[in-house]
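Trainee: Take a look at this one; I'll ask things after.
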Amino acid sequence: MNKQEVILCEGLEDSLAHALGQCPYDKLFILTDEHTHALCLPLLKDVPALKSAGEIIIGAGDAHKNLATLASVWQALSDGGATRHSLLVNLGGGMVTDLGGFAASTFKRGIAYVNIPTTLLAMVDAAVGGKTGINFNGLKNEVGVFSPAMSVLIETEFLRSLDAHNFFSGYAEMLKHGLISTPEHWAELLSFDTGRVDYAQLKHMVGRSVQVKEGIVREDPLERGIRKALNLGHTVGHAFESLALAEGRPVLHGYAVAWGMVCELYLSFLKTGFPKDKMRQTIQFIRQNYGAFSFDCKSYDCLYELMQHDKKNTAGVINFTLLEDVGAIALNQTADKESIFETFDFYRETMGV
Ligand code: GLY
């Protein structure tokens, strides 16, 4: 997998003009959803190259991350005369960068693309690292390819207009990067005043967070080993996300990951000796900022079953990434049903549900 350039922008228009200048192309296309088309694209109006770009607009939200939308992007590229030397710019949240990245990576066996993430989740996670894809057959990100963007341009000014729920959703992935990197970064994230956001400090922390992810992806782009560290909180988190969706009370991905981290830190405490005081501090931050996902013991079997179907498992054995300490990662851990149910008991008691 080629290396992708990730730029923390000082001025998005200049960074984009620079990125486009580095990649010879014949035709330029820009993909947005209906929201980023209205709210974000106008901020790029002075980039000369975009004036003649083909605009492709798709519906917003995960419900549109499907084969029909993907086909509509291929169609627009084909109708617009895109060749193998054309370039696609994806401007949006994770849904746009995942789907746009997949469309680009498969059109004429692959054209170059640039990601401009507009949400915190996309900046620190989805748009970085080369995972692209769509939902299929009722399963999230079921079809896709590893294929890095040529450049990822991170403009944290977009975060000033992000709603609180989407802010916290992205912040959960930052917290995960803190837990798997260093005590300093973890402590900085826990002490950040989320009630009165200092955007300069947030920009600095986003830069640090992206470095954590980039470092891991560079070492293991195809998730054979250390990239699994990025799955911390996701084994239980995905089960919460699926249960919530099935019960008609969907939650944002990062919230499910935050609640999943509560469970997986407890499992880390039980199985790999994660320090109790650091577990308590992290859980307190999550409880204060994310509230709690509620479920009772009647859902335990269903959650367990969902975890058994996670695509990260091998031969039906549930795979966890756990921690021995902040920054000390224990990959490929397993837990029996009894420990997992004990973890659900702990979660409900600690989170007060
Ligand atoms: N979102 C986790 C990864 O990119 O591997």
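Trainee: For the residue pair D26 and Q201, what label-to-label distance in nm results when each label sits 7 Å from Cα along the Cα-to-beta-carbon direction?
Mentor: 5.2
Trainee: To continue, here is another question. Quick one: 3J(HN,Hα) in Hz for region 120-137, Karplus 6.51/-1.76/1.60 with θ = phi - 60°, rounded, Gly and Pro as x.
Mentor: Per residue, the Karplus-derived 3J(HN,Hα) values read 5, 4, 5, 5, 8, 9, 4, 7, 10, x, x, 7, 10, x, 9, 7, 7, 6 Hz.
Trainee: What FRET efficiency would be calculated for the residue pair K271, A17, taking the C-beta separation as r and a Förster radius of 56 Å, to the nearest 0.05?
Mentor: Numbers: r = 51 Å, r/R0 = 0.90.
In this case the efficiency is close to 0.65.
Trainee: Right, another one. Using a/c under 1.5 as the rounded threshold, could you call region 222-280 rounded, prolate or oblate? The axes a ≥ b ≥ c are square roots of the C-alpha gyration tensor eigenvalues, and prolate needs a/b larger than b/c, oblate otherwise.
Mentor: Oblate, because a/c is 1.5 or more while a/b does not exceed b/c.
Trainee: In addition: Using only the Cα atoms, what convex hull volume per residue in Å³ does the chain have?
Mentor: Per-residue hull volume (Cα only) is 125 Å³.
Trainee: Using only Cα atoms, tell me the angle between helix 199-219 and the longest principal axis of the chain; keep it within 0 to 90° and round to the nearest 10.
Mentor: 90
Trainee: Report the charge-dipole magnitude of the chain in Debye, nearest 20, computed about the Cα centre from +1 at each Lys and Arg Cβ and -1 at each Asp and Glu Cβ. Provide the component values of the computation, followed by the final result.
Mentor: Values: 31 positive and 41 negative charges, 113 e Å.
Value, rounded to 20: 540 debye.
Trainee: Set Lys and Arg Cβ to +1 and Asp and Glu Cβ to -1, take the dipole of the chain about its Cα centre, and tell me which of A53, T36, A292 lies farthest positive.
Mentor: A53
Trainee: Scan around V143 for amide H atoms under 5 Å from its own, H built in the peptide plane at 1.01 Å from N, and keep only partners 5 or more places away or cross-chain.
Mentor: I134, F136
Trainee: If you fit an axis through the alpha-carbon atoms of helix 253-272 and take the longest principal axis of the Cα set of the chain, what angle between them do you get, 0 to 90°, nearest 10?
Mentor: Approximately 40 degrees, to the nearest ten.
Trainee: May I ask for the longest run of the chain untouched by trypsin sites (Lys or Arg not before Pro) that are loop-located per DSSP and have at most 12 neighbouring C-beta atoms (other than their own) within 10 Å?
Mentor: The answer is 85-195.
Trainee: Can you compute the FRET efficiency between I7 and E184 using 1/(1 + (r/R0)^6), with r the Cβ-Cβ distance and R0 = 35 Å? Round to the nearest 0.05.
Mentor: That gives a FRET efficiency of 0.90.
Trainee: Using Cα atoms only, what is the angle between the long axis of helix 67-79 and the major principal axis of the chain, expressed in degrees (0 to 90) to the nearest 10?
Mentor: The two axes meet at around 20 degrees.
Trainee: Excluding ligands, DNA and RNA, what is the solvent-accessible area per residue of the chain at a probe of 1.4 Å, expressed in Å²?
Mentor: Accessible surface, normalised per residue, equals 43 Å².
Trainee: Continuing with this model, one more query. Please check: in the Gaussian network model of the chain (C-alpha springs, under 10 Å), which one of G138, G129, G254 has the largest mean-square fluctuation.
Mentor: G138
Trainee: Would you look at the GNM of the chain, springs on alpha carbons closer than 10 Å, and say which of Q284, Q308, Q201 moves the most?
Mentor: Q201
Trainee: Here's a follow-up. Apply the Karplus parameterisation 6.51 cos²θ - 1.76 cosθ + 1.60, with θ equal to phi minus 60°, to every residue of region 339-345 and state each ³J(HN,Hα) to the nearest whole Hz, in sequence, with x for glycine and proline.
Mentor: The phi angles translate into 5, 5, 5, 4, 5, 5, 4 Hz.
Trainee: Going by a ≥ b ≥ c, the root eigenvalues of the Cα gyration tensor, does region 1-107 fall in the rounded group (a/c under 1.5), the prolate group (a/b larger than b/c) or the oblate group?
Mentor: rounded
Trainee: Just how much of L43 is accessible, in Å², when a 1.4 Å probe is used and the result is rounded to the nearest 10?
Mentor: 100
Trainee: Please build a GNM for the chain, connecting alpha carbons under 10 Å apart, and tell me which residue among E55, E184, E157 fluctuates the most.
Mentor: Looking only at E55, E184, E157, the biggest GNM fluctuation is shown by E184.
Trainee: Which distance in Å, rounded to a whole number, links the C-alpha centroids of region 179-243 and region 27-106?
Mentor: Measuring centre to centre over Cα atoms gives 27 Å.
Trainee: At 1.4 Å probe size, put C302, C9 in order of accessible surface, largest to smallest.
Mentor: From most accessible down to least: C302, C9.
Trainee: Once amide H atoms are built 1.01 Å from N in the peptide plane, which residues 5 or more positions from E5, or in another chain, come under 5 Å H to H?
Mentor: The answer is S151, V152.
Trainee: Determine the calculated [θ] at 222 nm for the chain from helices alone, applying -39500 (n - 2.57) to every DSSP H run no shorter than 4 residues and normalising by the residue count; nearest 500 deg cm²/dmol.
Mentor: Calculated from helices alone, the mean residue ellipticity at 222 nm is -14500 deg cm²/dmol.
Trainee: Pull up the DSSP beta bridges for the chain and report the antiparallel fraction as a percent, rounded to 5.
Mentor: 30
Trainee: Sticking with this one: Would you grab the residues whose amide H sits under 5 Å from the one on V89? Only those 5+ places off in sequence or on another chain, please, with H modelled 1.01 Å from N.
Mentor: Here the answer is F29, I30, L31, V114, since their amide H atoms fall under 5 Å of that of V89.
Trainee: Determine the shape class of region 142-262: with a ≥ b ≥ c the square roots of the Cα gyration tensor eigenvalues, call it rounded for a/c under 1.5, and otherwise prolate if a/b is greater than b/c, oblate otherwise.
Mentor: Values: a/c = 1.42, a/b = 1.06, b/c = 1.34.
It comes out rounded by the Cα gyration axes.
Trainee: Would you work out what percent of the accessible area of the chain, with all protein chains in place, is carbon or sulfur (probe 1.4 Å)?
Mentor: Reported share for carbon and sulfur atoms: 51 percent.
The values are calculated or read from the model by the stated rules, or taken from the named source; none is laboratory data. Only a predicted model underlies this, so the values are computations on that prediction, with no experimental measurement involved. Glycine gets a Cβ as well: all are built from the backbone with ideal geometry, and neighbour counts include every protein chain shown. The accessibility values were calculated without ligands, DNA or RNA, using every heavy atom of the protein model including side chains. Shrake-Rupley method; radii C 1.70, N 1.55, O 1.52, S 1.80 Å.
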